[in-house]
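The block underneath contains the structure these notes are about, expressed in structure tokens.
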Amino acid sequence: MNGLETFGLPDHERWMREALREAAKAEACDEVPIGCVVVHNGVVIGRGFNQTERLQDPTAHAEMIAITAAADYLGSRRLLDCTLYVTLEPCAMCAGAIVLARIPTVVYGAADPKAGSVDTLYSLLSDSRLNHICSIVRGVLDADCSSILSEFFSKLRKQKQNGPSSS
């Protein structure tokens, strides 16, 4: 699918498909397939996919990379009038970065029962004790976002059961 084929979709689905493209890049690098895009005025200004293994950096989550790229693009640490799309519910670190960047809207695909910090374990983006609250859209293309993760981890489990491959 090229970029033009997404224009007929409702906006949230359109941009989540862009995030899924980023997730596919992570998968191609044997990273956990999570992808993220930051959209400003109908344009993707930041993209990211998980690169924690590749970079040996525990902060190299898709959201962190996309937020950094978007801040660089705008020349500002505040990403006002932006929407962040991510395939998996953000963790506490990424939710904290979203709050600090003042991103007004976050759209995520699959809930994260192990680290989700938007709704599942914590509600950091809607916590009134913090100095910024986000609008949240949940479950956009949930089945697609969940599927890429399930297939990735299923493949990993099979590889572990079969042991190291002999080439």
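The values are calculated or read from the model by the stated rules, or taken from the named source; none is laboratory data. Because the structure is predicted, anything quoted here is derived from the model rather than measured. Every residue, glycine as well, gets a Cβ built from its backbone with ideal geometry; the counts of neighbours run over all protein chains shown. With ligands, DNA and RNA removed, areas are computed over all heavy atoms of the protein, side chains included. Shrake-Rupley method; radii C 1.70, N 1.55, O 1.52, S 1.80 Å.
Annotations for the structure displayed:
- According to the Kirkwood relation over distinct C-alpha pairs, the hydrodynamic radius of segment 124-167 is 13.9 Å.
- Residues within the reach of a label modelled at Met93 (point 7 angstrom out along Cα to beta-carbon, backbone nitrogen below 17 Å), restricted to segment 53-81, are 53-69.
- Accessible-area composition of segment 1-152, carbon plus sulfur, in percent [1.4 Å probe]: 53
- The chain, relative contact order [Cα under 8 Å, separation at least 6], %: 17
- Shown here for segment 97-156: trypsin sites (Lys or Arg not before Pro) in loop regions (DSSP other than H, G, I, E, B) with at most 10 other Cβ atoms within 10 Å, namely Lys114, Arg129.
- Between Ile133 and Lys158, the simple label model (points 7 Å from Cα in the Cβ direction) yields a spacing of 4.6 nm.
- DSSP beta bridges fully contained in segment 24-121 are about 70 percent antiparallel.
- In a fully extended conformation the segment linking Leu121 and Tyr73 would gain 14.1 nm over its present Cα-Cα distance, using 0.36 nm per residue.
- Here the label points at Glu13 and Leu80, each 7 Å from Cα along the C-beta direction, are separated by 3.3 nm in the simple model.
- Per residue solvent-accessible surface (Å²) - the chain, probe of 1.4 Å: 53
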